[in-house]
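Structure, as structure tokens:
The values are calculated or read from the model by the stated rules, or taken from the named source; none is laboratory data. Fair warning: this is a prediction, and the values are worked out from it, not measured in the lab. Here Cβ is always computed from backbone atoms with ideal geometry, including for glycine, and neighbour counts include all displayed protein chains. To get the accessible areas, we keep the full protein, side chains included, count just its heavy atoms, and leave off ligands, DNA and RNA. Shrake-Rupley method; radii C 1.70, N 1.55, O 1.52, S 1.80 Å.
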Amino acid sequence: MTLSLYDATIPSNIQILGAVDGLIGKAEAYCAEQGIAPADLIEARLAPDMLPFGYQVKATVEHAVGAINGARSGSYSPNLDPWPSDFAGLRAKVREGIEALKALDPAEVNALADRDTEFRFGETAMPFEGADFLLSFSQPNFYFHASTAYAILRAKGVQIGKRDFMGMPRIKR
């Protein structure tokens, strides 16, 4: 079996974004059960110098959909807009991301492999080929933010486990 750039990125991003959607649901239910204000979880951090749960959720979509758009245009810069401040907004962002990924044409994603793509943040510029940008920069960032969102909820007492992080594996049918 040949593994394409599309195969190496998009299906797993959809899987994990589905899991992040589930995490949002568990966080919302936990707040309701415990009488906790939603903002207490959405703004929760693992450490004072880390960004909160809401940002982590937003960043998963950014490093999935935003990275593809950056590879398309040849330049990617982090989206610094605020993250949604409620569970409905976070859920909508994730679901929009899933739908955007599902709508991608595999041939279009595969064609990004050799495309020059530059990461820009302030004065920092890092040149990549498209496949290296997606696989060595955005994909690790995607998983970092997804696992950090999971860890924040665990640290706050939300009853979640590994299956909640993994989502629905693509099993043979």
Evaluate the charge dipole of region 16-61 about its Cα centre and quote only its size in Debye, nearest 20, assuming +1 on the Cβ of each Lys and Arg and -1 on the Cβ of each Asp and Glu. 120
Modelling each spin label as a point 7 Å along the Cα-to-Cβ direction, I'd like the K172/L104 distance in nm, to one decimal. 2.6
Heads up, region 31-72 by the C-alpha gyration tensor (a ≥ b ≥ c square roots of eigenvalues; a/c under 1.5 rounded, else a/b over b/c prolate, else oblate) looks oblate
Carbon and sulfur %, accessible surface of region 1-97 computed with the full protein complex present, 1.4 Å: 53
At a Förster distance of 35 Å, what's the computed FRET efficiency of R72 paired with A151, Cβ-Cβ distance as r, to 0.05? 0.65
Figure the gain on full extension for D81 and L46 (residue separation times 0.36 nm, minus the Cα-Cα span) and round it to one decimal in nm. 10.5 nm
Using a/c under 1.5 as the rounded threshold, could you call region 102-173 rounded, prolate or oblate? The axes a ≥ b ≥ c are square roots of the C-alpha gyration tensor eigenvalues, and prolate needs a/b larger than b/c, oblate otherwise. oblate
Return the calculated 222 nm mean residue ellipticity for the chain, to the nearest 500 deg cm²/dmol, obtained by summing -39500 (n - 2.57) across DSSP H runs with n ≥ 4 and dividing by the residue count. -17000 deg cm²/dmol
How many nm is it between the label spots at D116 and A88, if each spot is 7 Å from the Cα in line with the beta carbon? 4.6
Of the candidates L112, T2, L134, the farthest towards the positive dipole end of the chain (Lys/Arg Cβ +1, Asp/Glu Cβ -1, centred on the Cα centre) is T2
Quick check for you: with a 1.4 Å probe and neighbouring chains kept, what is the accessible area per residue of region 1-95, in Å²? 44
Sorting L153, Q56, V94 by the position of each Cα along the dipole of the chain (Lys, Arg +1; Asp, Glu -1; all at Cβ), the one nearest the positive end of that ordering is L153
Please report, in debye to the nearest 20, how large the charge dipole of region 31-163 is about its Cα centre when each Lys and Arg carries +1 at its beta carbon and each Asp and Glu carries -1 there. 580
State whether region 37-137 is rounded, prolate or oblate according to the following rule on the C-alpha gyration tensor (a ≥ b ≥ c being the square roots of its eigenvalues): a/c under 1.5 gives rounded; otherwise a/b larger than b/c gives prolate, and the remaining case gives oblate. oblate
